[in-house]
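Since every read-out is calculated from the coordinates, none of them should be taken as a lab result. No experiment lies behind these values; they were computed from the predicted model shown. Note: ideal-geometry Cβ built from the backbone for every residue, glycine included; neighbour counts use all protein chains shown.
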Amino acid sequence: MIELDGVWKTFPARGSDTAVEALRGVSLHVPRGEIYGVIGRSGAGKSTLIRTINGLERPTGGEVRVDGIAIDKLDERALREERRKIGMIFQHFNLLSSRSAFGNVALPLELLGLSRREIEKRVTPLLELVGLGDKRDRHPVELSGGQKQRVGIARALATEPKVLRSDEATSALDPETTRSILALLARVNAELGLTIVLITHEMTVIKEICHRVGVIDDGAIIEEGPVHQVFAHPQTATARSFVGSLAGRELPASVKAQLGAPVEASSQTILRLTLTGEAATQPTVTKLARALGIDVAILGGQIDSIGGHPFALLFMGVPTASWTSGAVSAALASPDIQLEMLGHVA
Ligand SMILES: Nc1ncnc2c1ncn2[C@@H]1O[C@H](COP(=O)(O)OP(=O)(O)OP(=O)(O)O)[C@@H](O)[C@H]1O
């Protein structure tokens with residue numbers, strides 16, 4: 001549905017500002033019906049990247065195609081036509097304060113010249129879909145942030161787009177409202193088969209609804225893959241830092257402070273265990289304890305299922321002798337298990 005091939009965007013030098021290479025040869029392909037998330041820090045190039053998808057930013061090199069149409073080659077008129085097929089939702093909702101929820105959703109249809117009856121027929125079920133059937137006459141000032149974003153989603157869907165572009169759509173919302181909006185986007189994706197491309201700086205958003213993720217850094221996609229894979233085995237420092245920001249992904253500070261104790265018969269070795277596939281659902285730790293006749297201390301971690309893929313990350317302490325003898329590594333040898341020794345505590 002969306003194909004970017006070797007896309008460059010250079011903003012020319014202006015005044016005392018030097019030229020900025022906002023995108024440096026970005027390639028990504030999003031199949032129909034997928035939710036694709038682009039994550040990156042501020043200034044990494046997320047907005048510029050997503051703006052190329054509906055031609056709001058013209059690349060200085062490379063190609064952008066949406067549903068086979070070369071967006072970067074269209075003239076302004078043809079581009080306006082294509083943009084209707086790409087719905088957009090924004091961090092700050094961008095609603096018209098003078099219009100009701102109904103009026104905001106109706107606006108793109110009025111611009112298309114639809115009759116009042118046709119508009120009514122399309123807007124009413126959309127307001128129902130986003131859970132605002134009873135708020136149709138409310139104005140933005142009377143709606144909560146989450147409700148405003150629901151109006152934004154209904155408005156984006158009004159023209160029956162093929163693609164939904166989400167620009168940090170949950171960044172201004174609290175965690176609970178964020179979850180409900182993400183659940184709505186996942187439902188829209190599943191029920192309408194809509195392809196969604198979103199940009200975010202929050203790993204929870206990626207984890208919650210995306211099928212695949214691209215990590216953007218300094219204008220380039222430095223890592224890409226199914227979310228469960230990037231989540232379990234981040235390859236780059238940037239991806240590791242995003243993944244590390246999630247709860248349970250770091251060794252508890254109290255244990256970290258004690259690392260570095262000398263290796264003694266009585267010390268404990270601290271391990272990070274990443275379990276995927278079957279290893280994440282089987283009693284891996286109790287089996288280890290039983291097989292080696294050792295006590296295992298679970299010190300922290302996270303157990304989750306990402307896109308139906310079980311995943312567990314555990315910080316655990318084992319008797320140092322069982323580690324130095326190689327017995328723990330041997331007992332845990334499996335392609336589904338990744339083991340990392342972090343240090344020793346007294
Ligand atoms: N119109 C412009 N003219 C000049 N430079 C620009 C323009 N738009 C973006 N840039 C520069 O391109 C780089 C990427 O910006 P972009 O807005 O795409 O990043 P971002 O990842 O979306 O950041 P944020 O999360 O803060 O919105 C930045 O260095 C920015 O200053």
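What are the semi-axes of the equivalent ellipsoid of the chain, taken as the square roots of 5 times the eigenvalues of the Cα gyration tensor, listed largest first and rounded to whole Å?
46, 24, 17
Could you give each residue of segment 261-271 its phi-based ³J(HN,Hα) in whole Hz, using Karplus coefficients 6.51, -1.76, 1.60 with θ = phi - 60°, and x for Gly or Pro?
Once rounded to whole Hz, the list reads 5, x, 6, 9, 4, 8, 7, 10, 9, 9, 10.
On full extension of the chain, what length is gained from ARG117 through THR18, given 0.36 nm per residue of separation minus the C-alpha to C-alpha distance? Can you show the working numbers first?
On the way: separation 99, 0.36 × 99 = 35.64 nm, distance 5.32 nm.
Full-extension gain reported as 30.3 nm.
To the nearest 10 degrees, how steep is helix 101-111 against the longest Cα principal axis of the chain, on a 0 to 90 scale?
So the helix axis and the longest Cα principal axis differ by about 60 degrees.
Which angle from 0 to 90°, rounded to the nearest 10, does the C-alpha axis of helix 116-129 make with the longest principal axis of the chain?
10 degrees
Just subtract the alpha-carbon distance of GLU278 and SER266 from 0.36 nm times their residue separation and send over the number in nm, one decimal.
Here the segment from GLU278 to SER266 would lengthen by 1.1 nm.
Going by average Cβ neighbours within 10 Å, how do the peptides 301-307, 143-149 rank, with the highest at the top?
Result, highest mean Cβ count within 10 Å first: 143-149, 301-307.
Report the far tail of the P(r) of segment 253-345, meaning the percent of Cα-Cα pairs longer than 19 Å.
38 percent
Using alpha carbons only, how many angstrom separate the centre of segment 245-284 from the centre of segment 309-346?
So the two Cα centres are separated by 8 Å.
Given a cut-off of 25 Å, name the pairs among LYS46/LYS207; LYS73/LYS121; LYS46/LYS73; LYS9/LYS207; LYS135/LYS162; LYS121/LYS148 whose C-alpha atoms lie farther apart than that in the structure shown.
Flagged as over cut-off: LYS73/LYS121; LYS9/LYS207; LYS135/LYS162.
If amide H atoms are built 1.01 Å from N in the plane of the peptide, which residues on other chains or at least 5 residues away come under 5 Å of the amide H of LEU299?
Amide H neighbours of LEU299, under 5 Å, 5+ apart: PHE315, MET316, GLY317.
Between ARG65, ARG14, ARG179, find the one with the highest GNM mean-square fluctuation for the chain; connect C-alpha pairs within less than 10 Å.
Highest fluctuation among the options: ARG14.
What aspartates and glutamates does LYS287 reach when the alpha-carbon gap must be under 14 Å and sequence neighbours fewer than 8 apart in one chain are set aside?
List returned: GLU278, ASP295.
Please check which bits of segment 105-145 a label hung off ASP174 would reach, taking the label as a point 7 Å along Cα-to-C-beta and the cut-off as backbone N under 11 Å.
Correct set: 145.
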